[in-house]
1. Would you mention how many residues in segment 167-192 are open to solvent by 20 Å² or more (accessible area, probe 1.4 Å), part of a helix (DSSP H, G or I) and either among the hydrophobic types (A, V, I, L, M, F, W, C) or more than 26 Å from Ile21 (Cβ to Cβ) (or both)?
2. Can you tell me which residue is surrounded by the fewest Cβ atoms within 10 Å (Cβ to Cβ) among those in segment 61-75 that are in contact (Cβ under 8 Å) with a residue 60 or more places away in the chain and under 13 Å from Thr107 (Cβ atoms)?
3. Criterion first (open to solvent by 40 Å² or more (accessible area, probe 1.4 Å), outside any loop (DSSP other than H, G, I, E, B) and over 25 Å from Thr186 (Cα atoms)) does Ile11 satisfy it?
4. Here is a list: Ser74, Ser8, Ser47, Ser13. Which entry is in contact with a strand residue (DSSP E or B) (Cβ under 8 Å, 6 or more places away or on another chain) and more than 17 Å from Gln167 (Cα to Cα)?
5. Considering (1) polar (S, T, N, Q); (2) closer than 20 Å to Val106 by Cβ; (3) without any contact (Cβ under 8 Å) to a residue 24 or more places away in the chain, say which one Thr174 fails and leave the rest.
6. Scan segment 103-131 for residues that are open to solvent by 50 Å² or more (accessible area, probe 1.4 Å), of a type outside the set (Lys, Arg) and touching a residue at least 12 places away in the same chain (Cβ under 8 Å) and jot them down.
Amino acid sequence: EEDVKKYSMDIKSSAHALLGIINDILDFSKIESGRMEIVPAEYELNSMLNDLYNMFLLRAQEKGLMFDVSVDASLPSKLYGDDLRIRQVLSNLLTNAVKYTRKGTVTFEVAGERDGADVILHFAVRDTGIGIRQEDIPKLFSAFERLDEEKNRDIEGTGLGMNISLQLLKLMDTDLRVESVYGEGTRFFFDLRQKVVNEEAIGNF
(Lines give C-alpha, C1' and ligand atoms only; values in the text may rest on other atoms or scores of the structure.)
Protein backbone atom coordinates (compact mmCIF):
# COMPACT_ATOMS: atom_id res chain seq x y z
CA GLU A 1 0.00 0.00 0.00
CA GLU A 2 1.12 3.57 -0.74
CA ASP A 3 1.40 4.69 2.90
CA VAL A 4 3.40 1.56 3.84
CA LYS A 5 5.67 2.15 0.83
CA LYS A 6 6.21 5.77 1.90
CA TYR A 7 7.07 4.78 5.49
CA SER A 8 9.45 2.12 4.17
CA MET A 9 11.24 4.65 1.94
CA ASP A 10 11.51 7.07 4.89
CA ILE A 11 13.09 4.30 6.99
CA LYS A 12 15.49 3.44 4.16
CA SER A 13 16.59 7.05 3.60
CA SER A 14 17.02 7.57 7.36
CA ALA A 15 19.13 4.41 7.58
CA HIS A 16 21.35 5.65 4.71
CA ALA A 17 21.72 9.05 6.42
CA LEU A 18 22.68 7.37 9.71
CA LEU A 19 25.17 5.09 7.94
CA GLY A 20 26.70 8.16 6.29
CA ILE A 21 27.19 9.81 9.69
CA ILE A 22 28.76 6.64 11.15
CA ASN A 23 31.13 6.32 8.17
CA ASP A 24 32.14 9.98 8.50
CA ILE A 25 32.91 9.54 12.20
CA LEU A 26 34.92 6.36 11.51
CA ASP A 27 36.89 8.11 8.75
CA PHE A 28 37.49 11.12 10.98
CA SER A 29 38.73 8.83 13.77
CA LYS A 30 41.11 7.05 11.38
CA ILE A 31 42.49 10.38 10.14
CA GLU A 32 42.91 11.70 13.70
CA SER A 33 44.80 8.55 14.75
CA GLY A 34 46.96 8.55 11.60
CA ARG A 35 45.55 5.20 10.45
CA MET A 36 43.87 6.37 7.25
CA GLU A 37 45.67 4.93 4.22
CA ILE A 38 45.45 5.58 0.50
CA VAL A 39 45.19 2.25 -1.34
CA PRO A 40 45.90 2.69 -5.08
CA ALA A 41 44.65 0.29 -7.74
CA GLU A 42 43.88 0.34 -11.46
CA TYR A 43 40.51 1.91 -12.26
CA GLU A 44 38.41 3.01 -15.22
CA LEU A 45 38.02 6.80 -15.16
CA ASN A 46 34.84 6.72 -17.23
CA SER A 47 33.20 4.23 -14.85
CA MET A 48 33.92 6.43 -11.82
CA LEU A 49 32.59 9.56 -13.54
CA ASN A 50 29.53 7.73 -14.84
CA ASP A 51 28.60 6.51 -11.35
CA LEU A 52 28.88 10.04 -9.96
CA TYR A 53 26.85 11.46 -12.85
CA ASN A 54 24.00 8.98 -12.39
CA MET A 55 23.88 9.53 -8.64
CA PHE A 56 23.88 13.32 -8.69
CA LEU A 57 21.75 13.85 -11.80
CA LEU A 58 18.83 12.31 -9.88
CA ARG A 59 19.51 14.36 -6.73
CA ALA A 60 19.73 17.58 -8.73
CA GLN A 61 16.54 16.82 -10.66
CA GLU A 62 14.67 16.13 -7.41
CA LYS A 63 15.50 19.71 -6.36
CA GLY A 64 14.70 21.19 -9.77
CA LEU A 65 18.36 22.00 -10.47
CA MET A 66 20.35 21.72 -13.70
CA PHE A 67 23.34 19.34 -13.51
CA ASP A 68 26.02 20.13 -16.09
CA VAL A 69 29.00 17.83 -16.62
CA SER A 70 32.04 18.73 -18.70
CA VAL A 71 34.71 16.05 -19.21
CA ASP A 72 37.83 16.42 -21.39
CA ALA A 73 37.42 13.72 -24.08
CA SER A 74 41.20 13.29 -24.41
CA LEU A 75 41.74 12.03 -20.84
CA PRO A 76 43.25 8.53 -20.60
CA SER A 77 40.73 5.75 -19.93
CA LYS A 78 42.53 3.72 -17.24
CA LEU A 79 44.47 5.18 -14.31
CA TYR A 80 46.22 4.04 -11.15
CA GLY A 81 45.11 5.59 -7.85
CA ASP A 82 42.65 5.27 -4.99
CA ASP A 83 39.41 5.76 -6.89
CA LEU A 84 37.30 4.96 -3.79
CA ARG A 85 38.76 7.95 -1.92
CA ILE A 86 38.55 10.16 -5.03
CA ARG A 87 34.85 9.24 -5.33
CA GLN A 88 34.39 10.02 -1.64
CA VAL A 89 35.86 13.51 -2.01
CA LEU A 90 33.87 14.27 -5.17
CA SER A 91 30.69 12.88 -3.58
CA ASN A 92 31.18 15.22 -0.61
CA LEU A 93 31.67 18.22 -2.89
CA LEU A 94 28.71 17.36 -5.13
CA THR A 95 26.47 16.57 -2.14
CA ASN A 96 27.18 19.99 -0.64
CA ALA A 97 26.68 21.72 -3.99
CA VAL A 98 23.22 20.16 -4.40
CA LYS A 99 22.37 20.58 -0.71
CA TYR A 100 23.16 24.31 -0.55
CA THR A 101 21.76 25.30 -3.97
CA ARG A 102 18.08 26.18 -4.04
CA LYS A 103 17.89 27.14 -7.71
CA GLY A 104 20.12 27.24 -10.75
CA THR A 105 22.94 24.88 -11.70
CA VAL A 106 25.52 22.52 -10.27
CA THR A 107 28.49 22.06 -12.62
CA PHE A 108 31.02 19.22 -12.50
CA GLU A 109 34.17 19.72 -14.59
CA VAL A 110 37.02 17.28 -15.24
CA ALA A 111 40.02 18.28 -17.36
CA GLY A 112 43.67 17.29 -17.37
CA GLU A 113 47.13 17.48 -18.86
CA ARG A 114 49.81 14.88 -19.47
CA ASP A 115 53.08 14.98 -17.56
CA GLY A 116 55.31 12.12 -18.66
CA ALA A 117 53.79 8.81 -17.54
CA ASP A 118 51.21 10.66 -15.44
CA VAL A 119 48.14 12.78 -15.98
CA ILE A 120 47.32 15.74 -13.76
CA LEU A 121 43.55 15.78 -13.38
CA HIS A 122 41.74 19.05 -12.69
CA PHE A 123 38.45 18.53 -10.83
CA ALA A 124 36.00 21.36 -10.14
CA VAL A 125 32.50 21.53 -8.64
CA ARG A 126 30.65 24.81 -9.11
CA ASP A 127 27.20 25.86 -7.92
CA THR A 128 24.84 28.84 -7.91
CA GLY A 129 24.00 28.32 -4.26
CA ILE A 130 24.11 30.41 -1.10
CA GLY A 131 27.86 31.01 -1.20
CA ILE A 132 30.25 31.46 1.72
CA ARG A 133 31.35 34.66 3.44
CA GLN A 134 35.10 35.27 3.01
CA GLU A 135 35.61 35.32 6.79
CA ASP A 136 33.90 31.90 7.07
CA ILE A 137 36.09 30.10 4.51
CA PRO A 138 38.79 29.13 7.10
CA LYS A 139 36.04 27.57 9.28
CA LEU A 140 34.82 25.52 6.35
CA PHE A 141 37.44 22.80 6.88
CA SER A 142 37.12 22.57 10.67
CA ALA A 143 35.63 19.37 12.07
CA PHE A 144 32.01 19.58 13.22
CA GLU A 145 31.80 23.22 12.06
CA ARG A 146 28.65 24.25 10.17
CA LEU A 147 28.36 27.68 8.57
CA ASP A 148 25.32 29.98 8.75
CA GLU A 149 23.71 27.52 11.18
CA GLU A 150 20.62 29.65 11.74
CA LYS A 151 20.03 30.19 8.01
CA ASN A 152 20.71 26.54 7.14
CA ARG A 153 19.11 24.77 10.09
CA ASP A 154 16.80 22.81 7.76
CA ILE A 155 19.82 21.29 5.96
CA GLU A 156 21.18 18.08 7.51
CA GLY A 157 24.88 17.52 8.08
CA THR A 158 27.58 16.74 10.64
CA GLY A 159 30.16 19.29 9.52
CA LEU A 160 32.69 16.48 8.93
CA GLY A 161 32.54 16.06 5.14
CA MET A 162 34.75 18.97 4.15
CA ASN A 163 37.36 18.24 6.82
CA ILE A 164 37.55 14.59 5.71
CA SER A 165 37.81 15.62 2.04
CA LEU A 166 40.65 18.02 2.82
CA GLN A 167 42.56 15.38 4.82
CA LEU A 168 42.08 12.71 2.13
CA LEU A 169 43.41 15.05 -0.55
CA LYS A 170 46.43 15.87 1.63
CA LEU A 171 47.12 12.11 1.86
CA MET A 172 47.06 12.12 -1.96
CA ASP A 173 49.60 15.01 -2.04
CA THR A 174 47.20 17.73 -3.12
CA ASP A 175 44.98 20.40 -1.63
CA LEU A 176 41.34 21.50 -1.82
CA ARG A 177 40.78 25.10 -2.86
CA VAL A 178 37.67 27.24 -2.80
CA GLU A 179 36.38 30.45 -4.40
CA SER A 180 33.03 31.88 -3.33
CA VAL A 181 30.80 34.94 -3.57
CA TYR A 182 28.28 35.10 -0.73
CA GLY A 183 24.74 34.84 -2.10
CA GLU A 184 25.92 33.88 -5.60
CA GLY A 185 27.72 30.55 -5.46
CA THR A 186 30.87 28.57 -4.77
CA ARG A 187 33.58 26.70 -6.68
CA PHE A 188 35.67 23.93 -5.12
CA PHE A 189 38.60 22.59 -7.11
CA PHE A 190 41.73 20.46 -6.83
CA ASP A 191 44.44 18.91 -9.02
CA LEU A 192 45.39 15.27 -8.70
CA ARG A 193 48.34 13.41 -10.21
CA GLN A 194 47.53 9.86 -11.37
CA LYS A 195 49.61 7.24 -13.20
CA VAL A 196 48.33 6.35 -16.68
CA VAL A 197 47.68 2.63 -17.24
CA ASN A 198 45.91 2.82 -20.60
CA GLU A 199 46.61 5.67 -23.04
CA GLU A 200 43.31 5.23 -24.93
CA ALA A 201 41.16 8.36 -24.60
CA ILE A 202 37.82 8.10 -22.77
CA GLY A 203 36.08 9.93 -25.64
CA ASN A 204 32.82 11.85 -25.48
CA PHE A 205 31.44 11.42 -21.96
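The values are calculated or read from the model by the stated rules, or taken from the named source; none is laboratory data. From a predicted model like this one, the values you see are computed outputs, not experimental measurements. Every residue, glycine among them, receives a Cβ derived from its backbone with ideal geometry; neighbour counts consider all protein chains shown. SASA here: full protein model, heavy atoms, side chains in, ligands and nucleic acids out. Shrake-Rupley method; radii C 1.70, N 1.55, O 1.52, S 1.80 Å.
1. Final tally of qualifying residues: 1.
2. Result: Val69.
3. Against the criterion (open to solvent by 40 Å² or more (accessible area, probe 1.4 Å), outside any loop (DSSP other than H, G, I, E, B) and over 25 Å from Thr186 (Cα atoms)), Ile11 qualifies.
4. Residue meeting the stated conditions: Ser74.
5. Answer for Thr174: the failing condition is (2).
6. Those that are open to solvent by 50 Å² or more (accessible area, probe 1.4 Å), of a type outside the set (Lys, Arg) and touching a residue at least 12 places away in the same chain (Cβ under 8 Å): Glu109, Asp115, Ala117, His122, Thr128.
The rows are residues; the columns are (1) buried (at least 20 other Cβ atoms within 10 Å of the Cβ); (2) in contact (Cβ under 8 Å) with a residue 24 or more places away in the chain.
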position	(1), (2)
Lys30	no, no
Gly34	no, no
Arg59	no, yes
Ser77	no, yes
Leu94	yes, yes
Thr101	yes, yes
